[in-house]
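Report on the following structure.
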Amino acid sequence: MAKDLKNELPETNGFSRTNLFAMRQFYLFYKDFLIVHQVGGQLENDLVQQAVGLITEDSILCKIPWGHHVSILGKCTTVEDAKFYIQQTIQNNWSRNVLAIQLETKLINRLGKAQNNFELTLPKLQSDLAKETLKDPYKFDFLSLENDVQELELEKRLTENITKFLLELGKGFAFIGRQYPIQIGKKERKIDLLFYHTRMHCYVVIDLKMSEFEPEFAGKMNYYLSAVDDLLKTEIDQPSIGIILCKSKEALDVEYALRDIKKPLGISEFTFNELPKEMQNNMPTVAELASELEKYINQE
């Protein structure tokens with residue numbers, strides 16, 4: 001078959017054994033989806049021609065490279081799931097490697113899942129976009145950390161890996177600063193992570209918590225959002241949005257905490273790769289490292 005296709009299409013490549021099986025899989029996967037709109041009454045043996053005829057330049061199936069299709073076919077079991085990843089690839093201009101990461105981390109099960117109060121605090125268009133932007137959980141699998149890592153260290157590691165961090169946050173996030181200072185009266189407060197979202201046209205305040213969600217976290221975020229809206233937001237900006245990322249949360253706790261909050265706020269969990277316990281036990285502490293460094297300096 002590969003030889004016949006090559007003879008028929010001499011200027012076309014890609015007829016390897018693996019690709020031929022992928023092409024067959026592509027047809028079997030999409031054939032019912034492609035044919036469902038076709039006018040009835042045609043012969044059974046015309047099904048292939050019907051499907052091919054529906055794959056026009058306007059079809060989303062023609063808007064991503066073949067390699068992306070192969071990745072999607074390897075991970076998706078339903079056409080609806082495949083359509084989701086195709087649409088996200090088109091909207092976000094994902095490379096094949098980025099698509100592979102999103103498939104591996106099951107983005108479809110996480111996007112738009114965060115608990116929030118956006119419908120009550122934002123105009124509908126802004127609310128819909130904000131809900132679609134948030135994930136639950138966020139996966140920081142590009143980090144390998146001890147289970148009891150402190151929040152400042154997590155912030156540091158995330159910003160050291162800012163490209164991967166922004167990829168996980170999603171399209172539109174522009175990083176402004178870590179431990180971003182804002183002067184409130186005589187006191188200087190520091191925001192864990194501050195972003196600007198270029199699609200929602202608003203500041204996004206992210207608070208990291210290495211613990212289970214507590215209701216007081218929402219009050220603190222409400223305070224920071226009020227300050228950002230007063231001190232940083234301009235007339236052309238939309239209301240600032242807060243995201244609290246916790247190690248874990250109870251849905252009912254979050255529901256009650258959000259009920260009377262007037263600022264737009266979403267709450268999600270996050271995960272990362274934990275170092276094996278035997279490795280954690282063998283890792284020196286900060287104090288041990290400082291002690292060894294001091295000994296080295298004294299020897300010099």
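Here the Karplus relation 6.51 cos²θ - 1.76 cosθ + 1.60, evaluated at θ = phi - 60°, turns the backbone of region 106-120 into coupling constants of 6, 3, 4, 8, 10, 5, x, 9, 5, 5, 7, 10, 4, 4, 8 Hz, with x for every Gly and Pro.
Would you kindly calculate the translational diffusion coefficient of region 110-281, applying Stokes-Einstein with the Kirkwood radius from alpha carbon pairs, for 25 °C and a viscosity of 0.890 mPa s, and quote it in µm² s⁻¹ without decimals? Intermediate values should be presented prior to the final figure.
Numbers: Rh = 16.4 Å.
Translational diffusion coefficient: 150 µm²/s.
For residue 112, the residues whose amide H sits under 5 Å from its own are 134, 135, 136, ignoring neighbours fewer than 5 places away on the same chain, with H placed 1.01 Å from N. Partner lysines whose Cα lies under 16 Å from the Cα of residue 249, excluding those fewer than 8 positions away in the same chain, are identified as 113, 135, 139, 209. For the pair residue 62 and residue 189, the difference between a 0.36 nm per residue extended length and the Cα-Cα distance amounts to 40.7 nm. Counting 0.36 nm for each residue step from residue 7 to residue 150 and taking away their Cα separation leaves a gain of 45.2 nm.
Karplus-based coupling profile of region 166-182, in residue order and whole Hz: 5, 4, 6, 5, x, 5, x, 7, 10, 6, 9, x, 10, 6, 6, x, 10, with θ = phi - 60° in 6.51 cos²θ - 1.76 cosθ + 1.60 and x standing for Gly or Pro. Computed 3J(HN,Hα) for region 244-256, one whole-Hz value per residue from the Karplus formula 6.51 cos²θ - 1.76 cosθ + 1.60 where θ = phi - 60°, is 9, 9, 10, 5, 7, 7, 9, 4, 5, 4, 5, 4, 5, glycine and proline marked x. Based on C-alpha pairs under 8 angstrom that are at least 6 apart in sequence, region 110-281 has a relative contact order of 28 percent. As a calculated quantity, the FRET efficiency between residue 174 and residue 273 at R0 = 45 Å, using C-beta atoms, amounts to about 0.95. Label separation (residue 31 vs residue 229): 5.7 nm, computed from points 7 Å beyond Cα along the C-beta direction.
Rule-based calculations on the coordinates, nothing more; no lab input. Quantities reported herein were computed from a predicted structural model and do not represent experimental measurements. Every residue, glycine among them, receives a Cβ derived from its backbone with ideal geometry; neighbour counts consider all protein chains shown.
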